[in-house]
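K.L.:
This is the structure I have questions about; it appears just below.
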Amino acid sequence: MKIRYLGHSCFLMEEKSRFVTDPYTKVGYEMPRVSADFITCSHAHFDHDYFAGVTGVKKIIDGEGEFEAGGVRIAGKKFFHDASRGARRGTTIAYSFYFGDTRVCHLGDLGEPFSQENAAKIGRPDILMIPVGGTYTIDAAEAKKYIDAISPDIVIPMHYRTQKCTLDIAPLSEFLAISGRETVVLGALDTADLDKYKGKIIVMEVRENE
């Protein structure tokens, strides 16, 4: 299975079917046009539910529970989008994708400060896609707490400010400065190479469209 980063919280995961997470618009740049069989949407905000940006979609998954799509089991669990138990921004769904023996967990716009209860709820995925930009999600420090407790094999940061991003979120550099893990920059990740990158942070390259 291959993973490519399309920017913000959006990834393309491709095995026999193509999965897109949290398609976006209007973050200062636009998502690359892409086709996929399935979309998962963590919550209904413009920077996570731009379904019109994805063609060929057979099904949109946007709730908690157990799902099957393209031969892949997907599990959605609800978390709060803020530190006030949803009073400010509601909830978000974290999705786990089970590609054979590899579990990929996308935490959506997780906004709850670290707790052991939440860490246990997330479990220990092989690959953890985690927001690090703060303001609307957990920040770098809280992300590190989750990572240290969960100890995933590979961490892929997301939802941070890039050169063209206009959202009031922190740059990736703030997270990398405190992460405590070696960083590798990749254009795409093939899960056949997981052992090669175990224990590392993978920064996924993306071209920001105008």
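K.L.:
Looking at TYR24, TYR5, which is the one that is open to solvent by less than 10 Å² (accessible area, probe 1.4 Å) and under 15 Å from the mean Cα position of the chain (by Cα)? Reasoning before the result, please.
P.N.:
On the way: TYR5 fails: open to solvent by less than 10 Å² (accessible area, probe 1.4 Å).
Testing whether each residue is open to solvent by less than 10 Å² (accessible area, probe 1.4 Å) and under 15 Å from the mean Cα position of the chain (by Cα) leaves just TYR24.
K.L.:
Further, regarding this structure: Before we move on, is MET129 touching a His at 6+ places or on another chain (Cβ under 6 Å) and surrounded by 15 or more Cβ atoms within 10 Å (Cβ to Cβ)?
P.N.:
Numbers: touching a His at 6+ places or on another chain (Cβ under 6 Å): yes; surrounded by 15 or more Cβ atoms within 10 Å (Cβ to Cβ): yes.
So MET129 fits the description; yes.
This table checks each residue for (1) of a type in the set (S, T, N, Q); (2) in a helix (DSSP H, G or I); (3) within 16 Å of the chain's Cα centre (by Cα).
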residue	(1), (2), (3)
LEU110	no, no, yes
GLU117	no, yes, no
LYS121	no, yes, no
PRO125	no, no, yes
GLY133	no, no, yes
THR137	yes, no, yes
LYS144	no, yes, yes
ILE147	no, yes, yes
ILE156	no, no, yes
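K.L.:
So ALA83 clears everything in (1) buried (at least 20 other Cβ atoms within 10 Å of the Cβ); (2) of a type in the set (A, V, I, L, M); (3) over 17 Å from the mean Cα position of the chain (by Cα) except one condition, right? Which one?
P.N.:
(1)
K.L.:
Something else about it: Under 7 Å by Cβ, and 6 or more places apart or on different chains, what pairs join a residue from the range 142-153 that is hydroxyl-bearing (Ser, Thr, Tyr) with one that is open to solvent by less than 30 Å² (accessible area, probe 1.4 Å) and not in a loop (DSSP other than H, G, I, E, B)?
P.N.:
From residues that are hydroxyl-bearing (Ser, Thr, Tyr), the pairs are TYR146/ALA119; TYR146/ILE130.
K.L.:
Please go through the range 173-209 and give me each residue that is over 16 Å from LEU128 (Cα atoms), part of a loop (DSSP other than H, G, I, E, B) and open to solvent by less than 60 Å² (accessible area, probe 1.4 Å), ordered by number.
P.N.:
Across the range 173-209, the qualifying residues are GLY187, VAL206, GLU208.
The values are calculated or read from the model by the stated rules, or taken from the named source; none is laboratory data. Just so it is clear, the structure is predicted and the values come from calculations on it, not from any experiment. Ideal geometry is used to build each Cβ from the backbone, glycine not excepted, and the neighbour counts take in all protein chains shown. Surface areas here come from the heavy atoms of the whole protein model, side chains and all, with no ligands, DNA or RNA. Shrake-Rupley method; radii C 1.70, N 1.55, O 1.52, S 1.80 Å.
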